[in-house]
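One structure is given here, and the rest of the page talks about it.
The values are calculated or read from the model by the stated rules, or taken from the named source; none is laboratory data. Worth saying up front: this structure is predicted, and the values here are computed from it rather than measured. Cβ coordinates were reconstructed from backbone atoms using ideal geometry, including for glycine residues, and neighbour counts include every protein chain displayed. Ligands, DNA and RNA are excluded from the accessible area calculation, which covers all protein heavy atoms including side chains. Shrake-Rupley method; radii C 1.70, N 1.55, O 1.52, S 1.80 Å.
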Amino acid sequence: MPTPPPADVIAPHHRTVEEIETRAAFDRRLATGSLAGVTVQGLRLDLDPVPDLTAVEVTGTLFVGCRFAGREVGADLVRRGANVVPPFSGLPYPTQPSHLYTADDLAAGFAEGGFAGMYDTRVYEHFRAHGGALPDVREALGQRLHDHGVDNALVDATRAWLDAHGPQSVVGVMGGHAVPRGSAAYRMAAVLGRELARADRLVVTGGGPGVMEAANLGAFLSAWPADELTAAIDLLATAPDFTDHDRYTEVALRVRARYAAGPTLPAQRPAPVDTAWARSGGLAIPTWLYGHEPANLFAGRIAKYFSNAIREDTILRLARGGIVFAPGRAGTVQEVFQAATKTYYGTDGASGAYVFLDRSYWTDELPIESLLRPLFAASPFGDLSATVHLTDDVQEAVRVLTA
């Protein structure tokens, strides 16, 4: 029988190696005369003012995904004790992103070239042209470096939130990607996302359309009155089908523009700048494996991976405050039992509630409760069957997840 990893393996932790991810931080460190032992990620060190690295101490320094003024600069750094992993040429994506994506990053190019011209689409087309899920060696290395950068950036992005609110404040929302905008299920997921964000929960989704978009939309509009969420959904409902890529994306960008400068939540202290994004859309974790689906543009930060396996595990590992499962098909059911395996064995520590929206769906159409309760009752960590909740009421779901 599998046993959970030691506590220090699964607990959130701070890095022991100094990481430099901005030019300002690099310049401050450079002024000390030593970069020894630090990691420098994804910086353009070929741009003015080009730094003089000839006299700086670089023993044990790691430069990954950085660009230098010439090849000799990198070679000299290696000769003096640094490790240099240069960015790959010819790729439309960074091999070591230092920050998570934003909606603007993924949508860049839409105004000029429509859906086909977006950064997100161009990366997907490159992914398809270079083997898709089975890339050649060079492409695979580039993708793995990119996904490691996303891993690293995700830790940085969520650290302040977790320090302030704890891991039990992160709630996952999963469900069908094909749920059309404006439908009852879409509206329910949007209200759920709004109420969770207003209760200081970080909403995490798989970053796709349907239920996932709705939950991030609700979090995006959490500071606005409820009738504004309704108005936003009504506008989005004019392009309900994600297969209509250009129209679907254009309307999403219009909604973003309308509500970009939102009010602050009433009777709540202002959020620190480094966590404000969490209350303005939450987190989305999509994958280019499903790049044929338009990007969900309502998350505050987007951790987009090439590897779907890493992406799925990351969502479930983060969502320690519970997971909401809206109606979905095979993909959603897979996620239910992937999460259940972690809970049963305590792989990532204590789990929150499993909330299934739409009692009839999860009882009659897909009888999930009759399978999950006996499984959880037999957990080696005691009877966990009480973590399973079925409801038709969004407010009840929120109460369960915020108790």
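Results, tabulated for the structure shown:
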read-out	value
Selection from region 70-97 of residues that are β-branched (V, I, T) and in a loop (DSSP other than H, G, I, E, B)	T95
Per-region count, region 315-340, residues in a helix (DSSP H, G or I) and of a type outside the set (S, T, N, Q)	12
Residue that is farthest from A103 (Cα to Cα) [pool: residues in region 120-146 that are assigned to a loop (DSSP other than H, G, I, E, B) and not small (G, A, S)]	D136
Pair list, Cβ < 8 Å and 6+ apart or interchain, from region 22-35 residues that are surrounded by 15 or more Cβ atoms within 10 Å (Cβ to Cβ) to residues that are acidic (D, E) and assigned to a strand (DSSP E or B)	L35/E57
Among the candidates P272, P240, residue that is at pLDDT below 95 and out of contact with any Cys (no Cβ under 9 Å at 6 or more places or on another chain)	P272
Single unsatisfied condition, G149 versus (1) in contact with a Lys or Arg (Cβ under 9 Å, 6 or more places away or on another chain); (2) in a helix (DSSP H, G or I)	(1)
Matching residues, region 278-292, being open to solvent by 20 Å² or more (accessible area, probe 1.4 Å) and not polar (S, T, N, Q)	R279, L289, Y290, H292
Any hit, region 300-314, residues being under 26 Å from R144 (Cα atoms), over 11 Å from the mean Cα position of the chain (by Cα), part of a loop (DSSP other than H, G, I, E, B) and at pLDDT 95 or above	yes
Region 177-207: number of residues that are in a loop (DSSP other than H, G, I, E, B) and either open to solvent by 10 Å² or more (accessible area, probe 1.4 Å) or among the charged types (D, E, K, R) (or both)	10
Total residues in region 307-322, condition open to solvent by 10 Å² or more (accessible area, probe 1.4 Å) and either under 17 Å from H99 (Cα atoms) or in contact with a Phe, Trp or Tyr (Cβ under 6 Å, 6 or more places away or on another chain) (or both)	1
Qualifying residue in region 331-348 (condition: among the charged types (D, E, K, R), surrounded by fewer than 23 Cβ atoms within 10 Å (Cβ to Cβ), touching a residue at least 40 places away in the same chain (Cβ under 8 Å) and under 29 Å from M118 (Cβ atoms))	yes
Scope region 43-60; condition closer than 18 Å to T95 by Cβ, open to solvent by less than 80 Å² (accessible area, probe 1.4 Å) and touching a strand residue (DSSP E or B) at 6+ places or on another chain (Cβ under 7 Å); matching residues	L45, D46
Residue that is nearest to A157 (Cα to Cα), among those in region 88-118 that are open to solvent by less than 30 Å² (accessible area, probe 1.4 Å) and free of Cβ contacts under 8 Å to residues at least 40 places away in the same chain	G109
Tally, over region 39-51, of residues that are within 14 Å of R29 (Cβ to Cβ) and either over 33 Å from the mean Cα position of the chain (by Cα) or not polar (S, T, N, Q) (or both)	4
Residue within region 180-199 that is of a type in the set (S, T, Y) and closer than 16 Å to G322 by Cα present	no
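Conditions (1) assigned to a helix (DSSP H, G or I); (2) of a type in the set (F, W, Y); (3) more than 25 Å from the chain's Cα centre (by Cα); (4) farther than 16 Å from V324 by Cα, marked per residue:
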site	(1), (2), (3), (4)
Y354	no, yes, no, no
D364	yes, no, yes, yes
S370	yes, no, yes, yes
L375	yes, no, yes, yes
P380	no, no, yes, yes
L390	no, no, yes, no
V400	yes, no, no, no
